[in-house]
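Have a look at the structure below, then the notes.
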Amino acid sequence: MKRIAVLTSGGDAPGMNAAVRAVVRCAAARGMEIAGIRNGFTGLIAGELQWLGPRDVGGIIERGGTFLGTTRCEELKTPAGQDAALAQLRAHDIDGLIVVGGNGSQMGAHALSERGVRVVGIASTIDNDLYGAEPSIGATTALDTALEAIDRLRVTASSHKRAFIVEVMGRNCGYLALMAGIAGGAEAIVLPEEPSDPEALAEEIRSSHARGKRHALIVVAEGARYNADACAHHFRAHVARLGFELRITRLGHIQRGGSPCAFDRLIATRLGAAASEHLHEGPQDGVLLGYMRGDIAVTPLATVVTAAKAFDAPLYALAHTLAE
């Protein structure tokens with residue numbers, strides 16, 4: 001294999017740049033040429049390529065986001081879009097493709113793999129909902145960001161006798177809400193995976209008040225059935241009777257930004273290096289590389305796009321216990 005390409009796709013995640021840097025430098029050390037594809041699969045279809053050498057990726061390991069740019073590409077879901085992507089790879093004599101991204105990105109990677117492209121995926125999503133990775137690139141930095149905000153809000157909640165509803169990212173997966181809620185000492189956590197009864201949640205707040213707590217912190221995943229607005233609608237009267245003022249804070253895209261933490265830089269570097277080696281040495285392609293149990297795990301893309309990551313019910317139960 002002489003020429004490979006790398007792209008970042010879907011939602012940006014802290015650590016993507018570290019992964020691209022490792023891909024480029026490790027592939028170059030093996031004598032390969034590396035094309036960086038601008039703007040994800042959209043850029044691949046349009047032929048937005050630039051050849052990268054080791055110096056071109058200097059000074060990016062500490063940067064958040066992705067210097068290559070990223071998009072969510074609906075066109076790749078169509079046969080015409082896939083044909084256009086294949087044509088660009090052939091036109092530039094590219095033998096293999098590395099895709100850094102989450103669920104939607106790896107579905108695109110799998111589609112191209114099914115069409116004969118040698119593809120290796122790298123697991124990168126702050127939601128940490130991708131099968132075959134625990135955790136994925138970016139999730140730890142996003143969690144640290146959410147936790148810092150929760151810690152700050154708890155200080156204000158305690159000072160002013162307030163109840164705060166903190167909405168974090170997580171459309172279909174409550175990983176960030178669950179972990180941030182446990183680490184931040186939340187009185188209640190609301191997740192997409194677990195149905196939440198507003199009355200039961202209100203009772204949790206009343207019970208914590210009866211045990212002597214003079215503030216309340218509720219962490220909500222944005223994709224939960226009862227998001228921040230719905231929770232506020234149900235809780236406002238309850239917390240007012242306890243003497244609490246209710247406030248909503250949505251962290252939103254602030255969780256995506258910022259410099260990646262040391263852990264995300266390290267796993268991204270290991271995964272980027274492993275991806276270039278995987279293509280160069282010629283083992284199985286059409287796979288996702290993810291960090292699991294302290295090592296690099298290899299999972300077929302066909303499994304990744306059909307399997308769902310299991311919900312950690314015991315950890316959710318522990319969160320209830322710790323809120324007592």
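Bear in mind these aren't lab numbers, they're just calculated from the coordinates by the rules spelled out. If you're wondering where the values come from, they're calculated on a predicted model, not measured in any experiment. Note that each Cβ is placed from the backbone with ideal geometry, even for glycine, and that neighbours are counted across all protein chains shown.
The table below lists the values:
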| read-out | value |
| --- | --- |
| Rounded if a/c under 1.5, otherwise prolate or oblate - region 142-256, Cα gyration tensor axes | oblate |
| Relative contact order (%) - region 18-151, alpha-carbon pairs under 8 angstrom, separation at least six | 17 percent |
| For region 211-263 and region 7-41, distance of Cα centres in Å | 36 Å |
| Cα-based reach from Lys161 at 25 Å (exclusive), listing lysines while leaving out same-chain residues under 8 positions away | Lys213 |
| Kirkwood-Stokes translational diffusion coefficient of the chain, alpha-carbon pairs, 10 °C, 1.306 mPa s, µm²/s | 77 µm²/s |
| Within straight-line cross-link reach of Lys309, lysines at Cα separation under 26 Å, skipping those fewer than 8 residues along the same chain | Lys77 |
| Electrostatic dipole magnitude of the chain [Cβ: Lys, Arg +1; Asp, Glu -1; Cα centre; debye, to 20] | 700 debye |
| Footprinting exposure proxy for Arg25, Arg270, Arg30 (fewest neighbouring C-beta atoms within 10 Å first) | Arg30, Arg270, Arg25 |
| Length released on extending from Glu74 to Ala317, taking residue separation times 0.36 nm less the Cα-Cα span | 83.7 nm |
| Packing-based order for 71-77, 196-202, using average beta carbon neighbours within 10 Å, highest first | 71-77, 196-202 |
| Over region 130-210, relative contact order from alpha-carbon pairs under 8 Å, at least 6 apart, % | 23 percent |
| Mean separation of Cα contacts under 8 Å (6+ apart) over length of the chain, as relative contact order % | 23 percent |
| Summed residue charge, Cβ within 13 Å of Asp12's Cβ, Lys/Arg positive, Asp/Glu negative | +1 |
| Inter-part distance where region 271-297 and region 122-170 are each reduced to a Cα centre, Å | 28 Å |
| At least 27 Å along the helix axis (C-alpha) and Kyte average at least -0.5, DSSP helices within the chain | 139-160, 262-281 |
| Glu33 long-range amide H proximity, modeled H, under 5 Å | Arg3, Ile4 |
| For Cys261, residues with placed amide H under 5 Å, excluding near neighbours | Thr141 |
